[in-house]
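Data first, discussion second: the structure below is written as structure tokens.
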Amino acid sequence: MLTSKEIRESFKEFFKSKEHLIVPSAPMVVKDDPTLMFTNAGMNQFKDIILGNRPAKSKRVADSQKCLRVSGKHNDLEEVGHDTYHHTMFEMLGNWSFGDYFKEEAISWAWEYLVDVLKLNPEILYATVFEGSAEDGLERDNEAAGYWEKYLPKDHIINGNKKDNFWEMGDTGPCGPCSEIHIDLRSAEERAQISGRDLVNHDHPQVIEIWNLVFMQFNRKADGSLEGLPAKVIDTGMGFERLCMALQGKRSNYDTDIFQPIIKKISELSGKNYGDDAQVDVAMRVIADHIRTISFSITDGQLPSNAKAGYVIRRILRRAVRYAYTFLGQKQAFMYKLIPTLIENMGDAYPELAQQQELVTKVMKEEEEAFLRTLETGIHMLDKIIATAKADGKEEISGVEAFTLYDTFGFPIDLTQLILRENSLTVNMAQFDEEMLKQKTRARNAAAVENSDWVNIAEGESKFVGYDLTECNTQILRYRQTKQKNQTLYQIVLAETPFYAESGGQVGDTGVLVCGDERIEVIDTKKENNLPIHITKKLPANPEATFSAEVNIAKRNACAANHSCTHLIDQALREVLGTHVEQKGSLVTPEGIRFDFSHFQKLTNEEIIKVEKAVNARIRANIPLTEYREIPIGEARELGAIALFGEKYGDKVRVIKFDNSVEFCGGTHVAATGQI
């Protein structure tokens, strides 16, 4: 029987033999895409290639990608642990073609790998193909079906609707039909009674999708119409955990060697056996799943917090703590003790996990302890609500009160219901759901963005010239209108731009586009899928004109001084606290800075003073900037450059050096530290 480690490597070796470049997994936490908090599919790190914003290093690529999904078509956080095959964090094995091979090769190689290499029984495999769409004027994907007929009988090739078999990146952009491979893992007796084809895409826990082959051949425009893509893309994703279940002859992902070592450790720590009690089993599965998500998120630079991505991680961690508290009797922090087992299991494939072990352990232990205190607070508050309800002769508590417990104090609704049941009470779930809907609607309305199609003015790629210039003549390459929070703005892409686009913690430049008497204010500059975008409140009268792009120099200089200061802080922290210190993020604005870093305890006053003195000494020394622009990444590492963990770097990088402070960095900086 193949181990999970052997299966993962066999996939990479197979596609290496098909001339694919094997690339490392991108971080699970997304740093450079405002539309995503987490990597939720293998294609995320290739979005800017698929959109044509940067060229592909190789036309054929394959990898094993760490992914996180907590909502959407394939997942719901509240269900994870209750079934056999859904997860928050999962691995996706994938292969891509950027304008090279297409449907025939993708299908034949998928079959070759599953049947010839892994020896899966072809009789239990099914393929779905897109049935077509009258709305989009698309016929059935007979091309894909024809290729499948070389390998499968026609009754194993199933038509799928637009929801299941037409993949779209978003409301607009690249899209196309897809072909899913499903496997029937039921017993021969069960298969004889009901055909697997009747259970495909019907949520049967043993008849499951394992591989999705996406054929991107269209571009969806803002009006909903489709146009052909000039360079077709293959994007495949295979669920690693499900594949292991199939190959290891198990009926649950949690019974594979991916999860069993963790579950056995949970059993050892809690003194409870897996398989003896259904509720205990669910708790162990929840913890085994969530420990992976939490550990990899912290490793990739996302600490639990009360906002955005950090809140998602905190919510997942608290869900695991609640299951351990209620069903495993764990009143003290204990999940952090599972981290060595996780590293032993996955550290070979993802060495960053072992490198960040101390940080992950410290953060997780502190978060567990904090929430255990919250649980006690919540239980105390709930006791008062229960006492009041009983005194008033009520059998139900208000859903508004339950939502306050959930939303303000992080007290899970299922735990509220459990405690109420023990006291012969219920909660008004209609009221709770209404409050939850109000919150979700507020969040959706705040985040909803409506973009028009790009209007192309000229061909070419955008070039940043802002390291050398704060003003230049330029033209508009393309623009589009965008609406958010009832405000209409314009996004403009320039041929050459001195405007720094927000990245690396540094906020984007502001300034003006000038043409004659017309002055268009640039209120922000963002980066989306590697494309610098200038945001304005109005469109130039003549978008085809030549403009003078002028950066607000005062703001730029203030940002440059503050950004250089973060480098000095980083170096000083490493000197005072030790080289284990690692930057975890920063915010650089004209007004000030915030610097996030990993350390095992709160700094003492003496340590803070030492750091301040070290930074101020470097400022007074007026150390000149040494800049290495567009040098090979290997050469940068030889210089001793420090990389920010979780950031993507290309083959060529920029290095900023102030004496013994040497870092990878794309931001703007002072010419010498004295200018700070």
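The strands (runs of 3 or more DSSP E) located wholly in segment 148-190 that include 1 or more residues which are among the hydrophobic types (A, V, I, L, M, F, W, C), assigned by TED's automatic domain parsing to the domain that holds N40 and in contact with a Pro (Cβ under 6 Å, 6 or more places away or on another chain) occupy 166-168.
In segment 15-30, how many residues are surrounded by fewer than 19 Cβ atoms within 10 Å (Cβ to Cβ) and in contact (Cβ under 8 Å) with a residue 12 or more places away in the chain? If you could, list the steps in order and put the result at the bottom.
Within segment 15-30, the subset surrounded by fewer than 19 Cβ atoms within 10 Å (Cβ to Cβ) is 16-19, 21-24.
Next cut, in contact (Cβ under 8 Å) with a residue 12 or more places away in the chain only: 16, 18-19, 21-24.
Total satisfying the criteria: 7.
If we keep just the residues of segment 119-157 that are of a type in the set (A, V, I, L, M) and out of contact with any helix residue (DSSP H, G or I) (no Cβ under 6 Å at 6 or more places or on another chain), which is surrounded by the most Cβ atoms within 10 Å (Cβ to Cβ)? Across segment 119-157, the extreme among qualifying residues is L125.
I520: surrounded by 13 or more Cβ atoms within 10 Å (Cβ to Cβ) and within 30 Å of V449 (Cα to Cα), yes or no? Reasoning before the result, please.
On the way: surrounded by 13 or more Cβ atoms within 10 Å (Cβ to Cβ): yes; within 30 Å of V449 (Cα to Cα): yes.
Considered against the rule, which asks whether it is surrounded by 13 or more Cβ atoms within 10 Å (Cβ to Cβ) and within 30 Å of V449 (Cα to Cα), I520 comes out as yes.
Tell me, which strands (runs of 3 or more DSSP E) lie completely within segment 581-676 with 1 or more residues that are of a type in the set (S, T, Y)? If you could, list the steps in order and put the result at the bottom.
On the way: elements: 582-588, 593-598, 626-632, 652-658, 661-664.
Ranges flagged: 582-588, 593-598, 626-632, 661-664.
Total residues in segment 298-316 satisfying the condition of being closer than 28 Å to T377 by Cβ and either part of a loop (DSSP other than H, G, I, E, B) or touching a residue at least 40 places away in the same chain (Cβ under 8 Å) (or both): the figure is 13. Pairs linking a residue in segment 223-240 that is surrounded by fewer than 16 Cβ atoms within 10 Å (Cβ to Cβ) to a residue that is of a type outside the set (S, T, N, Q), with Cβ atoms under 8 Å and 6 or more positions apart or on different chains, are D223/D453; E227/F218; E227/K221; G228/F218.
It is to be established whether one or more residues within segment 445-467 are closer than 30 Å to A387 by Cα, under 30 Å from the mean Cα position of the chain (by Cα), not small (G, A, S) and not assigned by TED's automatic domain parsing to the domain that holds A545.
Taking segment 445-467 first, the residues closer than 30 Å to A387 by Cα are none.
No, because not a single residue in segment 445-467 is closer than 30 Å to A387 by Cα, under 30 Å from the mean Cα position of the chain (by Cα), not small (G, A, S) and not assigned by TED's automatic domain parsing to the domain that holds A545.
Summed over segment 202-239, residues that are within 20 Å of A288 (Cα to Cα) and not in a strand (DSSP E or B) total 1. Selection of segment 375-389 for residues being out of contact with any Lys or Arg (no Cβ under 8 Å at 6 or more places or on another chain) and either under 30 Å from P304 (Cα atoms) or crowded, with 18+ Cβ neighbours inside 10 Å (or both) yields E376, T377, G378, I379, H380, M381, L382, D383, K384, I385, I386, A389.
For segment 592-602, the set of residues classified as surrounded by fewer than 15 Cβ atoms within 10 Å (Cβ to Cβ) and either among the hydrophobic types (A, V, I, L, M, F, W, C) or assigned by TED's automatic domain parsing to the domain that holds V507 (or both) consists of F600 only.
Against the definition (at pLDDT 90 or above, in contact with a Lys or Arg (Cβ under 7 Å, 6 or more places away or on another chain) and under 29 Å from E422 (Cβ atoms)), how does L328 come out, yes or no?
Numbers: at pLDDT 90 or above: yes; in contact with a Lys or Arg (Cβ under 7 Å, 6 or more places away or on another chain): yes; under 29 Å from E422 (Cβ atoms): yes.
Against the criterion (at pLDDT 90 or above, in contact with a Lys or Arg (Cβ under 7 Å, 6 or more places away or on another chain) and under 29 Å from E422 (Cβ atoms)), L328 qualifies.
Checking each residue of segment 412-426 against the condition of being hydroxyl-bearing (S, T, Y) and surrounded by 12 or more Cβ atoms within 10 Å (Cβ to Cβ) gives at least one match.
With the structure loaded, tell me whether T488 is touching a Leu at 6+ places or on another chain (Cβ under 6 Å), surrounded by fewer than 19 Cβ atoms within 10 Å (Cβ to Cβ), outside the structural domain of F664 (by TED's automatic domain parsing) and at pLDDT below 95 or whether it fails that test. Break it down into steps so the answer makes sense when it comes.
On the way: touching a Leu at 6+ places or on another chain (Cβ under 6 Å): no; surrounded by fewer than 19 Cβ atoms within 10 Å (Cβ to Cβ): yes; outside the structural domain of F664 (by TED's automatic domain parsing): yes; at pLDDT below 95: yes.
When the stated conditions are applied, T488 does not pass them.
Return yes when F259 is free of Cβ contacts under 8 Å to residues at least 60 places away in the same chain and buried (at least 22 other Cβ atoms within 10 Å of the Cβ) and no when it is not. Yes; evaluated as a whole, the condition is true for this residue. Answer yes or no: is there a residue in segment 619-639 that is among the charged types (D, E, K, R), surrounded by 15 or more Cβ atoms within 10 Å (Cβ to Cβ) and touching a residue at least 12 places away in the same chain (Cβ under 8 Å). Taking every residue of segment 619-639 in turn, none turns out to be among the charged types (D, E, K, R), surrounded by 15 or more Cβ atoms within 10 Å (Cβ to Cβ) and touching a residue at least 12 places away in the same chain (Cβ under 8 Å). Can A324 be described as part of a helix (DSSP H, G or I) and over 27 Å from G275 (Cα atoms)? No: the conditions fail for A324. Tallying residues that are modelled with pLDDT of 95 or more and closer than 30 Å to D100 by Cα within segment 242-267 yields 2. Here segment 487-539 is the region considered, the condition is being over 24 Å from L51 (Cβ atoms) and of a type in the set (D, E), and the residue that is nearest to the chain's Cα centre (by Cα) is E521.
Residue check: is A246 in the same structural domain as Q45 (by TED's automatic domain parsing), more than 13 Å from F90 (Cα to Cα), surrounded by 19 or more Cβ atoms within 10 Å (Cβ to Cβ) and among the small types (G, A, S)?
Spelling it out, A246 is indeed in the same structural domain as Q45 (by TED's automatic domain parsing), more than 13 Å from F90 (Cα to Cα), surrounded by 19 or more Cβ atoms within 10 Å (Cβ to Cβ) and among the small types (G, A, S).
A single entry from R242, R319 fulfils the requirement of being closer than 23 Å to L418 by Cβ and in a helix (DSSP H, G or I): R319. Just one of the listed residues (L587, L568, L573) is more than 22 Å from Q355 (Cα to Cα), buried (at least 21 other Cβ atoms within 10 Å of the Cβ) and modelled with pLDDT of 85 or more, namely L568. State whether one or more residues within segment 44-54 are at pLDDT 80 or above, in a helix (DSSP H, G or I), of a type in the set (F, W, Y) and over 18 Å from the mean Cα position of the chain (by Cα). Looking for residues that are at pLDDT 80 or above, in a helix (DSSP H, G or I), of a type in the set (F, W, Y) and over 18 Å from the mean Cα position of the chain (by Cα), one finds none in segment 44-54, hence no. Scoring D392 on the criteria (1) surrounded by fewer than 14 Cβ atoms within 10 Å (Cβ to Cβ); (2) of a type outside the set (K, R); (3) within 15 Å of T326 (Cβ to Cβ) leaves a single failure, condition (3). When segment 523-548 is filtered for residues that are surrounded by fewer than 17 Cβ atoms within 10 Å (Cβ to Cβ), of a type in the set (V, I, T) and within 20 Å of L469 (Cβ to Cβ), only T546 remains.
Annotation: of all residues in segment 262-297 being free of Cβ contacts under 8 Å to residues at least 24 places away in the same chain and in contact with a Ser or Thr (Cβ under 7 Å, 6 or more places away or on another chain), the one that is surrounded by the fewest Cβ atoms within 10 Å (Cβ to Cβ) is N273.
Can you work out which of the residues in segment 111-143 that are charged (D, E, K, R) and either in contact with a strand residue (DSSP E or B) (Cβ under 6 Å, 6 or more places away or on another chain) or assigned to a loop (DSSP other than H, G, I, E, B) (or both) is nearest to S10 (Cα to Cα)?
Taking segment 111-143 and keeping what is charged (D, E, K, R), we get 112, 116, 119, 123, 131, 135-136, 139-141, 143.
Remaining after also requiring either in contact with a strand residue (DSSP E or B) (Cβ under 6 Å, 6 or more places away or on another chain) or assigned to a loop (DSSP other than H, G, I, E, B) (or both): 119, 131, 135-136, 139-141.
Details: K119: 12, E131: 33, E135: 41, D136: 39, E139: 36, R140: 34, D141: 30 Å.
Selected residue: K119.
The values are calculated or read from the model by the stated rules, or taken from the named source; none is laboratory data. None of the values given here were measured: they were computed from a predicted structure. Note that we place each Cβ from the backbone using ideal geometry, even for glycine, and neighbour counts take in every protein chain shown.
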